[in-house]
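Below is the structure I would like to discuss, written out as structure tokens.
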Amino acid sequence: IVNMDQTTQQNTALVADTTKSIRNLAVDADGLVAKLAVFSVNERAMLTPAPAARAKPAAPAPRPSAKAAKPVRHSGGTAAAVAQEWDEF
């Protein structure tokens, strides 16, 4: 039961962080819409396709290093402790 309680508290902290991030994103999106409103684009320009640009071949993706990832340690306690751990992550 203690383990279930700890997991529930961790999930609650993650949901709170996610909700805060979503609200910040919505505010940022509204700000971008307001800034873009000063530009005007006629409908004809929007319907005309842009000329195709020559695509350069993509560079190969870098290979991951052979180092192992550090394990994440949980203090397993209050939502505040979990939130602090998440901020450190």
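Report the gain in length on full extension from ALA37 to ARG23: 0.36 nm times residue separation, minus Cα-Cα distance, nm rounded to one decimal.
Length difference between fully extended and current span is 2.9 nm.
Mind ordering 7-15, 26-34 by average Cβ neighbours within 10 Å, highest first?
With the highest mean Cβ count within 10 Å placed first, the list reads 7-15, 26-34.
Test of understanding: what is the full-extension gain from ASP30 to VAL15, defined as 0.36 nm times their sequence separation minus their Cα-Cα distance? Working shown, then result.
Numbers: separation 15, 0.36 × 15 = 5.40 nm, distance 2.25 nm.
Between ASP30 and VAL15, full extension yields an extra 3.1 nm.
Bear in mind that the values in this text are calculations on the coordinates, not laboratory data. If you're wondering where the values come from, they're calculated on a predicted model, not measured in any experiment. Reconstructed Cβ throughout: ideal geometry from the backbone, glycine too, with neighbour counts over all protein chains shown.
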